[in-house]
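S.K.: Take this structure first; my questions come after.
FYI, it's all coordinate maths here, none of it is from the lab. Everything quoted here is computed from the prediction, not taken from an experiment. Note that each Cβ is placed from the backbone with ideal geometry, even for glycine, and that neighbours are counted across all protein chains shown.
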Amino acid sequence: SQRAARWEKGVKVGEGTFANVYKGIERSTGRKVAIKKIKAGEMKDGLDMTALREVKFLQELHHPNIIALLDVFSVKQNINLVLEFLDTDLEAVIRDKALIFQNADIKSWIAMSLRGLEYIHRNGVLHRDLKPNNLLIASNGELKIADFGLAREFGDAGSKMTCQVITRWYRPPELLFGSRFYSTAVDMWSIGTIFVELILRVPFLSGETDIDQLKKTFHAMGTPTEQDWPGHTKLPDYHEIGSYPKNPWWNMISSIGKEGQDLVKDMLKYDPVARVSARKALEHRFFSSYPRPTPPASLPKPL
Ligand code: ADP
């Protein structure tokens, strides 16, 4: 097609569930891009939707901490998304044992994630798949939220939504109990678990099944009471998990300091209504207190 001619497709750099990702170059400028080619052959109705969702949301969202969609074109039956090229992601950063993180670095990554997320929520969108692998890192160190294949609007308050979203380890308890009237708080839980993972350098709650995920969550943070989380026993898939005692689990992240522990606790409140919003989280003392967040260009990055 005419539009495809603007981009030169290079080597394959990644494979996702619904797409192959190639390195590419804008012919007129030499700018590096990523070309995400949606797998057409295996495309069923559901898969088709993820590409459409990604295009729809990325066309509307413009923010320094959200991946930029530069173009969309089709060749034969295939849809191709042209995205800004990003060198690495937060998962690779966390796993690279050669890298040492300071608290100021963690503060910077969490602040950038929250700025992108606050903008997404302000525009009436839920991301619904936040995980380290979807927080991409640009060559200048800027963090950008990617992969809007599961995103949706929440403007229509009170509308029923599927609970089969968010990769298990980052999924909040209300979704694990089958809640269908959730909101922006689901994304905040994901950021909370990513925050803890940045401190511990291992996933915080790594359940092997959905039930095991709830078990690990309650084992770590105590089984919620009616007071902690009003009404949770009425959720569609509620079942008793066992009564784990409450202990000061935040002691295991004491290295981040009191303000950081306090913010993590606000992000991981069982009651979604009580959980902190992205906007409020950005106003938290953690971000204004010493040490200052590391400037993006000075953040640690794999070679
Ligand atoms: P997933 O199904 O894992 O969410 P994606 O389809 O979004 O994956 O991407 C698959 C892989 O392609 C990623 O893990 C990453 O290695 C690479 N990738 C995706 N987007 C970009 C980008 N904008 N720049 C560079 N690499 C990318």
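S.K.: Is the stretch 217-282 best put as rounded, prolate or oblate by its Cα gyration tensor, with a ≥ b ≥ c the root eigenvalues, rounded for a/c under 1.5, and otherwise prolate when a/b is larger than b/c, oblate when not?
M.R.: Oblate, since a/c reaches 1.5 and b/c is not below a/b.
S.K.: Under a crude label model (7 Å from the Cα following the beta-carbon direction), how far is K23 from R3 in nanometres?
M.R.: 2.5
S.K.: To continue, here is another question. With unit charges on the beta carbons (Lys and Arg positive, Asp and Glu negative) and the dipole taken about the Cα centre of the chain, which residue among G24, N103, L130 sits farthest to the positive side?
M.R.: Of the options given, the answer is G24.
S.K.: For the stretch 160-219, what class follows from the C-alpha gyration tensor (a ≥ b ≥ c being the square roots of its eigenvalues): rounded when a/c is under 1.5, otherwise prolate if a/b is larger than b/c, else oblate?
M.R.: Oblate.
S.K.: With unit charges on the beta carbon (Lys/Arg positive, Asp/Glu negative), name the residue among G14, Q227, F73 whose Cα is farthest towards the positive pole of the charge dipole of the chain.
M.R.: My answer, from the dipole projection, is F73.
S.K.: Pick from K234, K12, K76 the residue whose mean-square fluctuation is largest in a GNM of the chain, springs joining Cα atoms under 10 Å.
M.R.: Of K234, K12, K76, the most mobile in the Gaussian network model is K76.
S.K.: Across the stretch 71-186, how many lysine pairs separated by 8 or more positions, or lying on different chains, have Cα atoms within less than 28 Å?
M.R.: 7
S.K.: Could you give the length gained by full extension between L303 and E60, i.e. 0.36 nm per residue of separation minus their alpha carbon distance, to one decimal place?
M.R.: Extra length available between L303 and E60 comes to 84.1 nm.
S.K.: Another one. Between the stretch 208-273 and the stretch 67-122, what is the separation of their alpha carbon centroids in Å?
M.R.: 27
S.K.: Can you give the angle from 0 to 90° between the axis of helix 45-60 and the longest principal axis of the chain, with both taken from C-alpha atoms, to the nearest 10?
M.R.: 90
S.K.: Okay, next question. Can you compute the FRET efficiency between Y238 and T88 using 1/(1 + (r/R0)^6), with r the Cβ-Cβ distance and R0 = 41 Å? Round to the nearest 0.05.
M.R.: With a Förster radius of 41 Å, E is 0.55.
S.K.: May I ask you to derive the FRET efficiency for E142 and K265 from their Cβ-Cβ distance with R0 = 30 Å, giving the value to the nearest 0.05?
M.R.: Once rounded, the FRET efficiency stands at 0.60.
S.K.: Working from Cα positions, state the angle (0 to 90°, nearest 10) between the long axis of helix 258-267 and the longest principal axis of the chain.
M.R.: The angle comes out near 80 degrees.
S.K.: Relative to the longest principal Cα axis of the chain, at what angle does helix 210-221 sit, 0 to 90 degrees, rounded to 10?
M.R.: 50
S.K.: Let me ask you something else. Beyond a 32 Å Cα-Cα separation, which of these cross-linked pairs lie in this structure: K215/K280; K234/K280; K56/K216?
M.R.: Correct reply: K56/K216.
S.K.: What aspartates and glutamates sit close enough to K301 to cross-link, taking a C-alpha to C-alpha distance under 20 Å and skipping anything fewer than 8 places away on the same chain?
M.R.: Filter leaves E84, D87, D89, E91, D96, D105, E142, E197.
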